[in-house]
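Chemist: Below is a structure I'd like to ask you about.
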Amino acid sequence: MHIQSIIGPIIHCTAPTEFSVHNKAQIDIKDGVIINIELNPDESRAWKKNVKLLKKGQFLIPGFIDGHIHAVQMPNLGLGYDKPLLEWLDTYTFPLEKKYIDSEFAEKVFDASVKRTLKMGTTTACYYASIHEKASLILAEKVALHGQRALVGKVNMNSCHENEYYENGDDSVRDTIKFIDAVLTIDNPLVQPVITPRFALSCDLNLMKKLGDLARKKNVHVQTHISENLDEVRTVTKLFPELSSYAGVYDAAGLLTDKTVLAHGIYLTDDELVLLEKRQSAVIHCPSSNTCLRSGLCDVRRLQAANVKVGLGTDVSGGNFPSILDAMRAALQVSVHLSFVKSNYKPLTYRDVFYLATLGGAEALTMSDKIGNFETGKEFDALVIDLNSSNSVLDNILNYTLEEKLQRFIYSGDDRNIAEVYVSGHRVV
């Protein structure tokens, strides 16, 4: 559905510490792009064709951005949280991902995964597929079919032979090039490829260097994991003794760019933060996964103080739920827990996690020129939130302020309160 204008309350961030709340605004959209925003418009115009007036209890926020999610792992949701990361990968994750050699299986899972995340309000996702080029392309095609905005990556891994889930280094590069070219032939600007070395334990330095060269040549994003688990960090140090740090491994391979997103980053050293700030690479905070797999507590305040870009990720199925709203709550809880053990520590607020889920995520993915908030010239990615929705635990009985309504949604809402989802001006849910 194409819309021309939408009138109602809106909330968005214009900067990390700038929160914009308007009880009545009109957003005009043309070809998916915001062409004008008017505050306190005349609602009498709402009768006109293609002008939508929000109902009582509804308000508009930017679409959620999931900076780290494994679409292939959706069938394992809620499984294996009695094991730490590396054991969890060997026991559950790698055996599941091997199944994506079956294209019919991939079709079924990816169709459901994209529809589910859209229903949860994820208008933009940074997806991991599997090592299989054909299955990875199926994910990109499903994203395009259902109208989501996404970065989609074919996973690279040639030195992690557990469960016989690995690939030859040359084949990995060849299939990655083939995948990138195939995604671009979909000819959908909402869907872009991302180079995806799984992590430093699964790729040798030679493969990572070739992928770094490819990222520069093709001018595409890079996604991988970093410093998620202490055993992982120690093993990386042993595998690459000639390099200064985990981040140093990626830097030596040319994988740290201003279009690189690194999931987790719990145990980054001060020197690594300096390096990431210099390269303008981003960290995606995955609080649910870090808790479920007992990896640790990531200090977002510390990352931001080092001028490192930070977004939010569900990290399904390390995380237990494919909802950025759930990740926002987990981020709040982790931050409060840190305040119990750190002196003079100021926990994140609902405003902070709202920023991470919207404009902060856009900045982390270097997409803030297109999405993340409501500004003229940006594409209209938005959620209509409804506190009066059927069967919701929330209601709109009392006369709460608009910001209080947002606070209630963040802490106690769910997908039942997401009435509509728009991506680039199209209503997709």
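Chemist: Looking for something of a type in the set (Lys, Arg) and on the phi < 0 side of the Ramachandran plot - is there at least one such residue anywhere in segment 271-279?
Modeler: Yes, segment 271-279 contains a residue that is of a type in the set (Lys, Arg) and on the phi < 0 side of the Ramachandran plot.
Chemist: Looking at segment 416-427, which of the residues that are crowded, with 19+ Cβ neighbours inside 10 Å and in contact (Cβ under 8 Å) with a residue 40 or more places away in the chain is farthest from Ile29 (Cα to Cα)?
Modeler: If we take residues in segment 416-427 being crowded, with 19+ Cβ neighbours inside 10 Å and in contact (Cβ under 8 Å) with a residue 40 or more places away in the chain, then Ile418 is farthest from Ile29 (Cα to Cα).
Chemist: Still on this structure, I have one more. Can you find, within segment 145-163, the residue that is farthest from Thr91 (Cα to Cα) among those that are open to solvent by 30 Å² or more (accessible area, probe 1.4 Å) and in a loop (DSSP other than H, G, I, E, B)?
Modeler: Among them, the one singled out is Ser159.
Chemist: Provide a single number: the residues in segment 373-400 that are open to solvent by 10 Å² or more (accessible area, probe 1.4 Å), under 17 Å from Glu18 (Cβ atoms) and either part of a strand (DSSP E or B) or not basic (Lys, Arg) (or both).
Modeler: 2
Chemist: Quick check on Ile177: is it modelled with pLDDT of 95 or more, over 30 Å from Ile410 (Cβ atoms) and over 22 Å from the mean Cα position of the chain (by Cα)?
Modeler: Answer is yes for this residue.
Chemist: Here is a follow-up. Just to be sure before I move on: is Leu207 in contact with a helix residue (DSSP H, G or I) (Cβ under 9 Å, 6 or more places away or on another chain), part of a helix (DSSP H, G or I) and open to solvent by less than 10 Å² (accessible area, probe 1.4 Å) in the structure I sent?
Modeler: The answer is yes for Leu207.
Chemist: Also, I was wondering about something else. Scanning segment 165-182 for residues that are open to solvent by 60 Å² or more (accessible area, probe 1.4 Å) and part of a loop (DSSP other than H, G, I, E, B), which turns out nearest to Ile138 (Cα to Cα)?
Modeler: Here the answer is Tyr166.
Chemist: For the condition modelled with pLDDT of 95 or more and more than 21 Å from the chain's Cα centre (by Cα), what is the one hit in Lys259, Lys210?
Modeler: Lys210
Chemist: Please list, ordered by residue number, the strands (runs of 3 or more DSSP E) wholly in segment 236-330 having 1 or more residues that are of a type in the set (S, T, N, Q) and either within 16 Å of Tyr128 (Cα to Cα) or open to solvent by 10 Å² or more (accessible area, probe 1.4 Å) (or both).
Modeler: In segment 236-330, the matching strands (runs of 3 or more DSSP E) lie at 260-264.
Chemist: Name, by its number, the condition in (1) hydroxyl-bearing (Ser, Thr, Tyr); (2) open to solvent by 10 Å² or more (accessible area, probe 1.4 Å); (3) within 30 Å of Leu239 (Cα to Cα) that does not hold for Thr185.
Modeler: Answer for Thr185: the failing condition is (3).
Chemist: Could you check how many residues of segment 401-429 are small (Gly, Ala, Ser) and part of a loop (DSSP other than H, G, I, E, B)?
Modeler: Selection size over segment 401-429: 3.
The values are calculated or read from the model by the stated rules, or taken from the named source; none is laboratory data. Please read these numbers as outputs of a predicted model, since none were measured by experiment. Reconstructed Cβ throughout: ideal geometry from the backbone, glycine too, with neighbour counts over all protein chains shown. Heavy atoms of the whole protein, side chains included, go into the accessibility calculation; ligands, DNA and RNA do not. Shrake-Rupley method; radii C 1.70, N 1.55, O 1.52, S 1.80 Å.
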